[in-house]
Every structure is written in C-alpha cells, then in structure tokens.
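Visitor: Quick one: the structure is below, and I'll ask about it shortly.
Coordinate-derived values only; no laboratory data. Being a predicted model, the structure only gives us computed values, none of them experimental. Quick reminder, even Gly has a Cβ in these numbers, built from the backbone with ideal geometry, and neighbours come from all protein chains shown.
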Amino acid sequence: MRAVTLSIPLPEPSPGLRFASATLSRSAGEGLQIAGLGAAVCLLLGLVLFAAPAFAADPAKCAPSSLVLWGDGQHDDTAALNAWLRGEAVVWGQSGEPVGPVVAGRTFLLSQAVYAPGGSGRTLERFRFLWPERHETVTGDALATGGDPDAPPAGTNIRITGGDRGEGVAVEAPDPVPSAHGDPPKCLIS
C-alpha cells in the first residue's frame, strides 16, 4: 500500500484579528466603529423620544412666571407696578428678591396708566412716576392703598407735572377680577 499524503491548506490567521485580544484590522475596526456609532445614535434617539414626555409636562419642574419691578427709571415698570399695587407678588429686577409691601425712594418708568386700588396693603414712599412720551411726571411723599378695599388709597403731597386735569384723584372703578392662582405655572418650551 502506498501512503497518500493529502495537503489541506489551513487558513492563515489574519494579522489584525485575534480572538483573544481586542486588536482589529483597520477595515474591520472601521466597520465596527460605524456600526457602533449608528447603534449609539439609535439608543440616544430612543432615550430622547421615550424620556422627553415624562419631563416636558411635569408641572413640578416649571417655575411660575414673575413680574419684574425695577424702579430704576430705565425699565418699563407699568405691568409690574400695577400688579404690585393690586397686591400680587412681584420680584426686584436687580436681585430677584420679592418686593415687600413698602417701596421707598424709587423712580418708575411707565408707558400706560397706573391704578392703585384700595385694600391691597401696599405703600409707596418718596416715589417718582415718569411717562416720557406724555412729558408727565408724578412725585409723592406717600401713596398707601390701605387695608380696606372699599376706601380709596391715601396720598400725601402728590404733585403732577404735565398731566391732564383730574389725574391723581380717587375714582370709582369696578372690582378687579381675582387672579386665578390655580393656573398652571409657566414653563419655557423650545
């Protein structure tokens, strides 16, 4: 019998791919990097799509909006001053702190009328109102709304320059609509 030798070629191991290590050939590594990047993008997109609704409507994460009162004669204080005089919460623009029941020594730049209803417990001391477009200035030693909603506010030494006749006097006005404190807080939405 003759011995037959069969020569079966064995595959040569790839110089860049070893099972026992993390070494990859350049072309294989690039393919895995691209596949890994695609998987990471899909994972991130999935997290954003499924987690975003849980955070977007959570009212506990939203801060209530605040009106800002400056009292520096440079910023329009019309809305914030009217709200404060009605007894609503307002914050100082310089510090973010709540404005207390008494404001003293401030100048307010205004663009519309200011209404001081009786009964809100607010007092302005040594104040100045400026309406530059109307060339009108109102100064006073004190303006107190008092605690009685049926009584007019009390003014001390109120002086009006450039205003129309009849301004700065108490007038009968309808009762203000109470603010809806049950409204949901304002949230920033992008």
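Visitor: Suppose every Lys and Arg Cβ carries +1 and every Asp and Glu Cβ carries -1, with no other charges. What dipole size does region 64-128 come out with about its Cα centre, to the nearest 20 debye? Before the final figure, lay out the partial values.
Guide: Numbers: 5 positive and 6 negative charges, 38 e Å.
Taking the Cα centre of region 64-128 as origin, the dipole is about 180 debye.
Visitor: How much net charge surrounds Thr156 when only the other residues with a Cβ under 14 Å from the Cβ of Thr156 are counted, with Lys and Arg +1 and Asp and Glu -1?
Guide: Values: positive: Arg126, Arg159; negative: Glu125, Asp141.
That sum, taken over residues with Cβ under 14 Å, equals 0.
Visitor: Also: Which far-off residues, 5 or more places away or on another chain, put their amide H under 5 Å from the one on Val99, with H placed in the peptide plane?
Guide: Val90, Val91, Trp92
Visitor: How far apart, in nm, are two points set 7 Å out from the Cα along the Cα-to-Cβ line at Ser66 and at Arg159?
Guide: Spacing of the two 7 Å Cα→Cβ label points: 3.4 nm.
Visitor: Return P(r) of region 65-126 (all Cα-Cα pairs; 10 Å bins starting at 0; whole %; ordered from short to long distances).
Guide: It works out to 24, 63, 13, in whole percents.
Visitor: So, counting K/R as plus one and D/E as minus one, what does the shell of residues with Cβ under 12 Å around Asn82 add up to? List each step's numbers first, then the result.
Guide: On the way: positive: Arg86, Arg122; negative: Asp76, Asp77, Glu88.
So the environment of Asn82 carries a net charge of -1.
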